[in-house]
Amino acid sequence: MKLIVCPAIYAPQNVETHRPSHVLGLLSPGQDEAALPCAPAHRLELRFNDIAAPQDGLVAPDESNLRAILTFARSWDAAAPMLIYCFAGISRSTAAAFAIACQHHPQSTEQAIASLLRQASPSATPNPLMIALADALLNREGRMSDALLAIGCGEGMFEGYAFELPCKA
């Protein structure tokens with residue numbers, strides 16, 4: 001199982017390199033869509049702001065967004081990689097990757113998966129609202145949020161880089 005996570009600007013080259021069967025784009029309202037060099041078999045694009053709590057004038061991630069991400073991921077058989085991108089490749093995309101890894105590995109501990117995430121990306125700082133929502137939908141009883149608190153915030157960066165979350169927790 002390979003989850004490839006990257007900033008939106010690197011999505012086209014990662015589609016070219018990894019040939020994912022599924023592509024998940026998490027963009028802000030009004031942000032330009034990533035122009036991909038080839039059309040993956042399955043693509044989902046959701047639009048909400050990278051915020052940890054509702055704020056006037058912004059679109060917060062909500063349960064319907066996380067339900068859509070998890071439903072999309074259930075259609076993925078992991079035979080080919082899944083590419084997940086957001087503007088910076090640090091918060092929304094890493095939150096989605098963590099949630100998908102937890103969904104695909106219900107027998108693994110949240111801490112083991114969070115540790116793999118931190119090893120794969122020192123800058124990963126998953127969106128806490130997305131994680132709280134996924135935690136509830138996956139019946140993880142707060143353990144996903146606790147695991148991310150344990151690994152702490154990632155290194156401060158404006159833009160992350162592409163990384164692979166192997167998910168062999």
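Every number here is computed from the coordinates shown, using simple stated rules; none is lab data. Fair warning: this is a prediction, and the values are worked out from it, not measured in the lab. Quick reminder, even Gly has a Cβ in these numbers, built from the backbone with ideal geometry, and neighbours come from all protein chains shown.
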Of all DSSP beta bridges in the chain, antiparallel share, percent nearest 5: 15
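How charged is the neighbourhood of HIS18? Take every other residue with its Cβ under 12 Å from the Cβ of HIS18, and add Lys/Arg as +1 and Asp/Glu as -1.
0
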Extent of region 3-165 along each principal axis, from alpha carbon coordinates, in Å, largest to smallest? 39, 39, 29
Can you order the peptides 27-33, 87-93, 139-145 by their average number of other Cβ atoms within 10 Å per residue, highest first? 87-93, 139-145, 27-33
Based on other C-beta atoms within 10 Å, arrange ILE113, ILE151 from fewest to most. ILE151, ILE113
Förster-model FRET efficiency, 41 Å R0, SER28 and GLN107, C-beta, rounded to 0.05: 0.75
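Can you sort ASP77, ASP62 by how many other beta carbons sit within 10 Å, fewest first? Working shown, then result.
Working: ASP77 9, ASP62 14.
The order, fewest Cβ neighbours first, is ASP77, ASP62.
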Please work out the Cα center distance from region 33-86 to region 91-147, rounded to the nearest Å. 15
To the nearest 0.05, the calculated FRET efficiency linking ALA35 and ARG143 through their beta-carbon distance, R0 being 45 Å, is 0.75
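Summing +1 for each Lys or Arg and -1 for each Asp or Glu, what net charge is found among the other residues whose Cβ lies under 14 Å from the Cβ of ALA35? All intermediate terms of the calculation are to be shown ahead of the outcome.
Details: positive: ARG43; negative: GLU16, ASP32, GLU33, GLU45.
With Lys, Arg at +1 and Asp, Glu at -1, the net is -3.
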Ordered by residue, what ³J(HN,Hα) values in Hz, to whole numbers, does region 88-93 give under the Karplus form 6.51 cos²θ - 1.76 cosθ + 1.60, where θ = phi - 60° and Gly and Pro are x? 9, x, 10, 10, 5, 5
So for THR71, THR94, THR125, fewest C-beta neighbours within 10 Å to most, what's the order? THR71, THR125, THR94
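Compute the relative contact order of the chain as a whole-number percentage, counting only Cα pairs closer than 8 Å that sit 6 or more residues apart in sequence. Let's see the in-between values first.
Numbers: 329 pairs, mean separation 53.6, N = 169.
Result for the chain is 32 percent.
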